[in-house]
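The values are calculated or read from the model by the stated rules, or taken from the named source; none is laboratory data. Computed from a predicted structure; not experimentally measured. When we count neighbours, we look across all protein chains shown, and the Cβ atoms used for this are built from the backbone with ideal geometry, even at glycine.
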C-alpha cells in the first residue's frame, strides 16, 4: 500500500532534480462544463515533456543501480523520462521503443544520451526485449507504471496540486 507519507518522502528525494510546474485555472464554460473552474497542471513543461520524469527519477534515486545501468521499455514518454533521469544522474541507460514511436520522442531519447533500440510493433514487444536485456546484462529495469518507485514519484504531482489548488474538488466533474 502506498500512502501520502511514502509519496512525500519520494517527493523530497526527487525535488532537487525537478522543476515545479505551474497550474493555470480556466472556466469550465470554455469546454461546455457550466461554471466549473478547471485547473491544468502544465507537466509538459517538465524535462522530458511529461510527468513521467517524476517516476523515472524516483526509480534511479531509490534503487541500487549496478554498473550496467538501467533499461526501460516505452512508447516514448517513459523512455524520454528514464533517459533524462539517467543523463542527470550519470547512469547508463538503454531504452527500447516500438517502431511506431514518434520521431520527436525517439530524438529526445537520443539527445539525452541513452542507447536506443527501435524495434517491434507494440509495447509488449519492447517490454519483452527490455526484460531479456535486463536478465542478460544485469541492468535495472524501470517499468513505466507497474513499479512502486514509479508510482511514488508520479504520485508527487498530487502533492503539488494540493499546494497549488488547495480548494481542488473533482465532485463537479464526476457528473460528466
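Matching residues to (1) more than 17 Å from the chain's Cα centre (by Cα); (2) within 21 Å of residue 17 (Cβ to Cβ):
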| site | (1), (2) |
| --- | --- |
| 53 | no, yes |
| 69 | yes, yes |
| 80 | no, yes |
| 121 | yes, no |
Item checked: Candidate set: segment 10-27, residues that are assigned to a helix (DSSP H, G or I) and in contact (Cβ under 8 Å) with a residue 12 or more places away in the chain; chosen: the one farthest from residue 152 (Cα to Cα) -> 17
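Residues are listed down the side, and each one gets a yes or a no for (1) surrounded by 11 or more Cβ atoms within 10 Å (Cβ to Cβ); (2) modelled with pLDDT of 95 or more; (3) touching a helix residue (DSSP H, G or I) at 6+ places or on another chain (Cβ under 8 Å):
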{"position": "1", "(1), (2), (3)": "no, no, no"}
{"position": "13", "(1), (2), (3)": "yes, yes, yes"}
{"position": "16", "(1), (2), (3)": "no, yes, no"}
{"position": "42", "(1), (2), (3)": "no, yes, no"}
{"position": "46", "(1), (2), (3)": "yes, no, yes"}
Checklist line | Options 140, 168, 152: the member that is touching a helix residue (DSSP H, G or I) at 6+ places or on another chain (Cβ under 8 Å), in contact (Cβ under 8 Å) with a residue 60 or more places away in the chain and farther than 20 Å from residue 14 by Cβ | finding: 168
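Output yes when any residue across segment 142-161 is more than 16 Å from the chain's Cα centre (by Cα) and at pLDDT below 95, and no when none is.
Yes: segment 142-161 contains one or more residues that are more than 16 Å from the chain's Cα centre (by Cα) and at pLDDT below 95.
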Item checked: One residue from 121, 131 being out of contact with any helix residue (DSSP H, G or I) (no Cβ under 9 Å at 6 or more places or on another chain) and either surrounded by 14 or more Cβ atoms within 10 Å (Cβ to Cβ) or closer than 27 Å to residue 42 by Cα (or both) -> 131
Notebook entry, point to check: Are any of the residues in segment 28-36 loosely packed, with under 15 Cβ neighbours inside 10 Å and modelled with pLDDT of 95 or more?
Noted result: no
Notebook entry, point to check: In segment 70-90, which residues are part of a loop (DSSP other than H, G, I, E, B), surrounded by fewer than 20 Cβ atoms within 10 Å (Cβ to Cβ) and in contact (Cβ under 8 Å) with a residue 24 or more places away in the chain?
Noted result: 75, 89
Checklist line | Filtered residue count, segment 91-118, keeping only those that are loosely packed, with under 14 Cβ neighbours inside 10 Å and either in contact (Cβ under 8 Å) with a residue 40 or more places away in the chain or within 18 Å of the chain's Cα centre (by Cα) (or both) | finding: 4
Notebook entry, point to check: What single numbered condition from (1) farther than 19 Å from residue 12 by Cα; (2) in contact with a strand residue (DSSP E or B) (Cβ under 8 Å, 6 or more places away or on another chain); (3) not in a helix (DSSP H, G or I) fails to hold for residue 105?
Noted result: (3)
